[in-house]
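J.: Starting off with a structure, shown below.
Nothing in this text is a laboratory measurement; each read-out follows from the coordinates by a stated rule. Owing to the predicted nature of the structure, the values given are computational and were not obtained by experimental measurement. Note: ideal-geometry Cβ built from the backbone for every residue, glycine included; neighbour counts use all protein chains shown.
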Amino acid sequence: MEETQQSRKKLIIKIYSSRPKNREGVRELKNKKGYYAEAIWIDVKSASKSGESNENMKRKKKEMVQKEWKKEKVENAMMRMDSCKKMQCWTMMKRLMVGRHAWVLKKNEQNKKVMSLKDIELKLKRLEYSKVDDFAYDMRNVFSYPLGYPPKSEIHKIAREITHDFELKWKTMKKKWILEKPNL
């Protein structure tokens with residue numbers, strides 16, 4: 001007599017203190033403004049069929065959750081916008097504003113719907129960035145406007161060069177921040 005396994009589903013709800021980028025299905029909580037939640041259904045194997053006891057499965061699950069939380073805490077600490085990182089981001093942005101190709105990035109300052117370097121400067125002054133990835137996201141948005149020009153145009157070529165340089169510098173800075181020990 002063969003037993004058929006029914007798939008059981010389990011609901012997991014992840015809560016975020018800031019809106020995660022590029023995540024579908026994330027909604028803002030109504031009773032807690034500024035907090036977001038994501039609901040995920042996952043398949044779960046039956047404990048009795050796998051031969052493991054419930055206590056053993058619960059212990060393994062708890063260990064896995066603790067490891068995830070610790071990893072997430074370390075990652076958040078590394079990528080949190082502190083004063084040193086703010087100054088490094090500020091320097092990077094200012095160099096772009098006064099560099100020889102700054103005129104390409106100033107073209108989108110005429111378009112009020114598109115984010116500009118001045119908008120990022122204001123956000124840095126007002127301490128609106130809680131994470132360094134938010135800053136990088138806004139910088140990439142600024143680069144996306146001149147990249148919309150035809151690929152053979154001078155503006156597009158310069159924007160591609162600026163974007164490439166930014167990504168190299170950003171990658172180097174993130175590696176440096178990761179190597180620094182966070183204060184936990």
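J.: How far apart, in nm, are two points set 7 Å out from the Cα along the Cα-to-Cβ line at residue 152 and at residue 15?
T.: 5.7 nm
J.: So what is the diffusion coefficient of the stretch 83-179 in µm² per second by Stokes-Einstein at 25 °C and 0.890 mPa s, using a Kirkwood Rh over Cα pairs?
T.: Working: Rh = 13.8 Å.
Using the Kirkwood radius from Cα pairs, D works out to 178 µm²/s.
J.: Right, another one. Please tell me which of these pairs span more than 25 angstrom C-alpha to C-alpha: 85/118; 10/58; 9/58; 113/174; 60/176; 123/169? Intermediate results must be reported in sequence, preceding the final value.
T.: On the way: 85/118 19 Å; 10/58 14 Å; 9/58 16 Å; 113/174 30 Å; 60/176 34 Å; 123/169 21 Å.
Too far apart for the 25 Å limit: 113/174; 60/176.
J.: Neighbouring Cβ atoms within 10 Å as the yardstick, rank 166, 135 fewest first. Present the calculation step by step, with values, prior to reporting the outcome.
T.: Working: 166 18, 135 24.
So the residues, fewest neighbours to most, are 166, 135.
J.: For the charge dipole of the stretch 83-179, defined by +1 on Lys and Arg C-beta atoms and -1 on Asp and Glu C-beta atoms about the Cα centroid, which residue among 177, 124, 146 has the Cα displaced farthest towards the positive pole?
T.: 177
J.: Test of understanding: what is the full-extension gain from residue 94 to residue 131, defined as 0.36 nm times their sequence separation minus their Cα-Cα distance? Intermediate values should be presented prior to the final figure.
T.: On the way: separation 37, 0.36 × 37 = 13.32 nm, distance 1.88 nm.
Taking residue 94 through residue 131 to full extension adds about 11.4 nm, to one decimal.
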